[in-house]
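Peer 1: Below is one structure. I have some questions about it.
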Amino acid sequence: MSTLLLKIKESINKNIEITDDILLSVFELSGAPLLELFSLTLELKEKYTGKKVNFCSIVSAKTGICSEDCSFCGQSAVAGKKEKKIKVNSLMPVSDIVEAAKIAKNNGANEFSIVTSGTRITERAELEIIADAVRSIKNEVGITPCASLGLMNYEDLSFLKQCGLEVFHHNIETSKDYFPEICSTHSFADNLETVKSAKKAGLKVCSGVIIGMGESRLDRIKMAKEIKELDVDNIPVNFLNPIKGTPLEGAEPLTPMECLKTLAVFRLVNPSKNILAQGGREHNLRQLQPLALIAGANGMLLGNYLLTSGRNPELDLELISDLGFEANLTGTAHTSQTEYV
Ligand code: SF4
């Protein structure tokens, strides 16, 4: 066993934080030592989350140009300057949201998230529609309801919790230090406040990141540790799939191995959490997608994203079966979606 692996195991066994230097060395591994690392991350994943794979799906219930300037997002105020702007749609009716949840459940998802564009929900009428959809998803469809509605205060989150919402999703997006490079219209602290309010309201929280936006490896380690600090339930790791017309349209793609090593770092730092290989996995992991479930992930987003297509759900179900895993169909303990695709 390599010295690096011994140091990592020692930190885990003594329950002490793995240093940034050790985690940076993970990115230098290749060949047999890298497989040793994946053996360890698989062991950790199975110890804490078993062999079941969580699948969630989303519906883009409100699509359109947002006043924020998140540079990865096709719906941001700075996206599509030269391209055709994305049409602004009003919030879907409850019946359409519920129909999408039924399709998600039939496809094998155990959680379903209502996603809206925009900084936050400002109109009470929209909150009531979302609350009605949540009630129906929980009581009629029988799938775990989640929502991703931008920034939100404790009062509105508590209201949705009373209506049956179980999970709230809000990404921190990137590290605290790198966040100003990605967004200037709201702050990293705003994101933390929403995550903390959701926890205070008694909701399970799904909060993760997007990698491949020009951040350093150290930024990714910091993200993993900042998320650990928040102690959320589910951690989606999204991989940038650059959208034409956004400031990040020409971003240098990460290699599939770099993506897998990042998932491994997230598992080493957050051994007991649900870690999801989410948006952009097809584009970034390419033929190595199955290895995401070895490197550290125990869940995936099933079906389409917000503005781009995912792959056929049957292929993902086949993938986990080929690996000897099984889909979690119990509708508990996980969520996630990506806001950017
Ligand atoms: S990620 Fe959300 S808040 Fe940011 S620009 Fe896109 S829709 Fe707006």
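Taken together, the values in this text are just the output of simple stated rules run on the coordinates, not laboratory data. Nothing here was measured: the structure is a model prediction, and the numbers come from that model. Positions of Cβ are generated from backbone atoms using ideal geometry, with glycine treated the same way; all protein chains shown enter the neighbour counts.
Peer 1: Just list whichever of LYS51/LYS102; LYS52/LYS244; LYS102/LYS222; LYS105/LYS225; LYS52/LYS102 have alpha carbons separated by over 28 Å in the model shown.
Peer 2: Numbers: LYS51/LYS102 25 Å; LYS52/LYS244 36 Å; LYS102/LYS222 38 Å; LYS105/LYS225 33 Å; LYS52/LYS102 21 Å.
Violating the 28 Å Cα-Cα cut-off are LYS52/LYS244; LYS102/LYS222; LYS105/LYS225.
Peer 1: What does the charge add up to near THR144, with Lys and Arg as +1, Asp and Glu as -1, over the other residues with Cβ less than 11 Å from its Cβ?
Peer 2: +1
Peer 1: Cα centroid distance between segment 50-64 and segment 227-281, in Å?
Peer 2: For segment 50-64 versus segment 227-281, the Cα centre distance is 15 Å.
Peer 1: I need the calculated FRET efficiency for the pair ASN89 and GLU252, taking r as the beta carbon distance and R₀ as 25 Å, to the nearest 0.05.
Peer 2: E(calc), rounded to 0.05, equals 0.15.
Peer 1: Mean separation of Cα pairs under 8 Å and 6+ residues apart, divided by the residue count of the chain: what relative contact order is that in percent?
Peer 2: 24
Peer 1: Which of LEU260, LEU91 has the fewest other C-beta atoms within 10 Å, and how do the rest follow up to the most?
Peer 2: With the fewest neighbours first, LEU260, LEU91 line up as LEU91, LEU260.
Peer 1: Here is a further query. Measuring from label point to label point, each 7 Å out along Cα→Cβ, what is the GLU229 to GLU36 span in nm?
Peer 2: Between GLU229 and GLU36, the simple spin-label model gives 3.2 nm.
Peer 1: Figure the gain on full extension for GLU314 and ILE12 (residue separation times 0.36 nm, minus the Cα-Cα span) and round it to one decimal in nm.
Peer 2: The GLU314-ILE12 span can extend by a further 105.1 nm.
Peer 1: Another question, then. For segment 189-331, what relative contact order do you get, as a whole percent, if you take Cα pairs closer than 8 Å and at least 6 residues apart?
Peer 2: Values: 184 pairs, mean separation 27.7, N = 143.
Relative contact order here is 19 percent.
Peer 1: Hey, another quick one. Which whole-number value in Å³ per residue fits the convex hull of the alpha carbons of segment 230-271?
Peer 2: 93
Peer 1: Summing Lys, Arg as +1 and Asp, Glu as -1, what charge do residues with Cβ under 11 Å from the Cβ of LYS9 carry, LYS9 excluded?
Peer 2: Counting the neighbours of LYS9, the net charge comes to -1.
Peer 1: Just to verify a number: FRET efficiency for SER216 and ALA189, C-beta to C-beta distance, R0 = 25 Å, to 0.05?
Peer 2: Values: r = 21 Å, r/R0 = 0.85.
Between SER216 and ALA189 the formula returns 0.70.
Peer 1: Here's another thing I want to ask about it. So what's the convex hull volume per residue for the Cα atoms of the chain, in Å³?
Peer 2: Roughly 119 Å³ of hull volume per residue.
Peer 1: Any idea what diffusion coefficient segment 122-177 gets from Stokes-Einstein, in µm²/s, Kirkwood Rh on alpha carbon pairs, 4 °C, 1.567 mPa s?
Peer 2: Stokes-Einstein gives a translational diffusion coefficient of 107 µm²/s.
Peer 1: By a straight-distance test (C-alpha under 19 Å), which lysines pair with LYS161 as possible cross-link partners, with residues fewer than eight away in the same chain excluded?
Peer 2: LYS138, LYS196, LYS199, LYS200, LYS204
Peer 1: While we're here: For the chain, what does the helix formula give at 222 nm: sum of -39500 (n - 2.57) over DSSP H segments with n ≥ 4, over the residue count, nearest 500 deg cm²/dmol?
Peer 2: Calculated mean residue ellipticity at 222 nm is -12000 deg cm²/dmol.
Peer 1: Considering the zone a paramagnetic label at ILE22 would reach in this model (a point 7 Å from Cα along the Cα-to-Cβ line), which residues of segment 240-272 have amide N under 19 Å from it?
Peer 2: Hits in segment 240-272 for ILE22 at 19 Å: 261-272.
Peer 1: What's the whole-number percent of alpha carbon pairs in segment 1-113 lying beyond 25 angstrom?
Peer 2: 57
Peer 1: Relative contact order, percent, of segment 57-192 when contacts are C-alpha pairs under 8 Å separated by at least 6 residues?
Peer 2: In percent, rounded to a whole number, it is 26.
Peer 1: Turning to a different aspect of this structure: Given ASN107, ASN153, ALA79, which one lies farthest toward the positive end of the charge dipole of segment 42-327, if we put +1 on the Cβ of every Lys and Arg and -1 on the Cβ of every Asp and Glu?
Peer 2: Going by the Cα projections, it comes out as ASN107.
Peer 1: Take the Cα gyration tensor of segment 61-184, multiply each eigenvalue by 5, square-root it, and list the three semi-axes largest first, rounded to whole angstrom.
Peer 2: In descending order, the three semi-axes are 26, 17, 14 Å.
Peer 1: Here is a follow-up. Using +1 on the beta carbon of Lys and Arg, -1 on that of Asp and Glu, and nothing else charged, what's the dipole of segment 42-327 about the Cα centre, debye to 20?
Peer 2: Approximately 220 debye in magnitude.
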